[in-house]
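Right, one structure below, let's go through it.
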Amino acid sequence: MVQGDLAVYKHLVPKGTKTFKVFPHIRRPSRKRAFTLEINSPETIDRILKECCTIAIVGLSSKPTRSSYGVAGYMQRAGYRIIPVNPNEVEVFSEKAYRSLADVPEKIDLVDVFRRSEEAGAIVDGAIAVGAKAVWLQEGVIDNEAAQRALDAGLLVVMDRCWLKEHARRRK
């Protein structure tokens, strides 16, 4: 992504609003490393795909027509442990669904967000609170301030990208 790509997202921010620059300009603070990772950098995506095996999917639906259903099914077939987080579901893919991230009784590596951009901030704050290693905001989900909070808390961050597409691209 090049600096000129920032213009693509300007229509999403009301005029006069102070914003953080869109990736790749937001840098992750150095934590026990001699280098920094950026939002959406190939290194960040590779680390998430390799290190994050337990994935809480916020907004996962049991409806096969929803993109969250297709992506979660792919994740599960690829060997990842999925945890549905949706107050409207009881079970998805034979996994118990939880009302919120705080209700999940096990350690979460990655929080994958299939909700509107306006809801992403609260979900990212929840991911920070439960000690997740990373957050992934799916295609069309953009919240620069939430991404910056996650980076400041030491999480890996991917925004406005599809987990399935990135995983499939790296398997070729």
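Here, each number is a calculation from the coordinates, and none is a lab measurement. Computed from a predicted model, the values in this text were never measured in an experiment. Virtual Cβ from ideal backbone geometry, glycine too; neighbours counted across all protein chains shown.
List of remarks:
- For region 158-172, putting each phi into the Karplus relation 6.51 cos²θ - 1.76 cosθ + 1.60 with θ = phi - 60° gives couplings of 10, 9, 6, 9, 9, 4, 4, 4, 5, 5, 5, 4, 7, 7, 5 Hz, in residue order, rounded to whole numbers and with x for Gly and Pro.
- Beta bridge orientation in region 64-164: antiparallel %, DSSP, nearest 5: 20
- Efficiency of FRET between residue 171 and residue 96 - r from beta-carbon atoms, R0 35 angstrom, step 0.05: 0.75
- Averaged over residues, the count of other Cβ atoms within 10 Å places the peptides 76-84, 48-56 in the sequence 48-56, 76-84, highest first.
- Take every pair of alpha-carbon atoms less than 8 Å apart whose residues are at least six positions apart; their mean separation over the length of region 35-171 yields a relative contact order of 24 percent.
- Values of log10 I(q)/I(0), in the order q = 0.11 Å⁻¹, for region 35-171 under a Debye, Cα-only, solvent-free model: -0.33
- Note, ³J(HN,Hα) from phi for region 82-89, Karplus 6.51, -1.76, 1.60, rounded to Hz, x at Gly and Pro: 9, 10, x, 10, 6, x, 8, 10
- As a rough guide to protection, the peptides 153-163, 88-98 ranked by mean Cβ packing within 10 Å, highest first, stand as 153-163, 88-98.
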